[in-house]
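Have a look at the structure below, then the notes.
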Amino acid sequence: MTLVILDIFYYMFIHKSADLLHIELQKQRSQGNKIGFVPTMGALHAGHRSLLERARAENDTVVCSIFVNPTQFDDKADLDKYPSTIDSDMEMLRSVNVDYLYYPEVEDVYPNGEASDDIDLAGLDLIHEGALRSGHFQGVAQVVKRFFEIVQPTSAYFGQKDFQQTAVIGQLIKLCEFDTKMVVCPIVREPHGLAMSSRNERLSPVERDKASFIYKSLLKLKERCFFKPLSEALTTTIKYLKSIEDASLEYLICVDGDTLQEVNDLYDSDYVVALTVVKYGGVRLLDNIILKKPKV
Ligand code: AMP
């Protein structure tokens, strides 16, 4: 198997081997280069592009990984259905001038088999989304830990779209004392408001338009909670989401943005985020909105 390919038209190196990529990036670091890293599972869209562009703007060297990580899928059918669009993904990476693509096989990421020891994620992996998807955040933390050890990025870029994931990665960075800054990028949305996701491909065009009710209801919640108690605003929004035909609300909760503990009042925390998952058109759609954030 060829382990490194140079895409001669765009000077993007495609690595299949963690060891070779690691050596190459060590050279970059020794020259004082800042390394920006964007981990993805491919099927890239404008949301991913925003992370790649930010990494490009803030670093000397940009590394992207495309790896559909089996350990984070609690549902095997979901893993089997995960879309793969490598040709158009490479087009996007070239257009953003990404320097290195890490595109490994499972054996290269987990040479000793899948890690079995749990990482101490301070319980952030067990609540909300984690309670519904057993082992999901352990799988995410394991693969990100492995990637950070290979790439040793100066900064790593993640989307606010997966809000709980950013809290989990923050804990991982603290626990493992990685010398990496996590940069959280805003949610990129489709024209009607649905948060972009590789899974949106499974919706029909009509469903994609209609699914904008999720974001609209979050905006309405934000508006309401500034003139009504949060619990009342939340109840009204939950009632509305439950009334939508063909949709099933999995959860809508307000949490502290750092600890992910539920808050019942806007005054309970300086940083309040509403997290939701709605199943619509057979697809679990995640979204969130920041209701209150401390000024930095
Ligand atoms: P994925 O390929 O789904 O694992 O996503 C890779 C990264 O892209 C994660 O950090 C996601 O949070 C981020 N991402 C996915 N969708 C969006 C979006 N609509 N806006 C911003 N970031 C996103």
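What the table below lists for this structure:
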| item | result |
| --- | --- |
| Rounded to 5, percent antiparallel among DSSP beta bridges of the chain | 55 percent |
| Note, ³J(HN,Hα) from phi for segment 270-287, Karplus 6.51, -1.76, 1.60, rounded to Hz, x at Gly and Pro | 7, 9, 10, 10, 9, 10, 9, 9, 10, 8, 8, x, x, 10, 7, 10, 9, 7 |
| Residue among 96, 266, 165 farthest towards the positive dipole end of the chain, charges placed on Cβ | 266 |
| Segment residue 209-residue 95, length gained on full extension (0.36 nm per residue, minus Cα span) | 38.2 nm |
| Listed residues 84, 41, 65: farthest to the positive end of the dipole of segment 14-86 (Cβ charges) | 65 |
| Flagged links, alpha-carbon separation over 28 Å, of 81/220; 81/292; 161/239; 76/292; 76/174; 76/145 | 81/220; 81/292; 76/292; 76/174 |
| For residue 271, residues with placed amide H under 5 Å, excluding near neighbours | 257 |
| Check: segment 198-288 dipole with +1 on Lys, Arg Cβ and -1 on Asp, Glu Cβ, in debye | 460 debye |
| Paramagnetic reach from residue 88 (point 7 Å along Cα→Cβ, amide N under 12 Å) across segment 41-71 | 43-46 |
| Exposure proxy order (Cβ contacts within 10 Å, fewest to most) of 254, 176 | 176, 254 |
| Residue 105-residue 31 pseudo-label distance in nm [points 7 Å out on the Cα-to-Cβ vector] | 3.1 nm |
| Two-site FRET efficiency, residue 251 against residue 149, from Cβ-Cβ distance with R₀ of 25 Å, rounded to 0.05 | 0.15 |
| Listed peptides 264-277, 104-117 by packing density, highest first (mean Cβ within 10 Å) | 264-277, 104-117 |
| Debye, to nearest 20: dipole size of the chain, +1 on Lys, Arg Cβ, -1 on Asp, Glu Cβ | 1060 debye |
| Taking 129, 177 and counting other C-beta atoms within 10 Å, the order from fewest to most | 177, 129 |
| Reciprocal of mean inverse Cα separation for segment 2-185 (Kirkwood radius, Å) | 16.7 Å |
| Whole-number D in µm² s⁻¹ for segment 131-254, Kirkwood Cα-pair radius fed into Stokes-Einstein, 37 °C, 0.692 mPa s | 194 µm²/s |
| Distance from segment 233-252 to segment 1-50 (C-alpha centre basis), Å | 42 Å |
| Additional length obtainable on full extension of the chain from residue 227 to residue 74, 0.36 nm per residue less Cα span | 51.1 nm |
| The chain: relative contact order as a whole-number percent, Cα under 8 Å and 6+ apart | 15 percent |
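FYI, it's all coordinate maths here, none of it is from the lab. Fair warning: this is a prediction, and the values are worked out from it, not measured in the lab. Quick reminder, even Gly has a Cβ in these numbers, built from the backbone with ideal geometry, and neighbours come from all protein chains shown.
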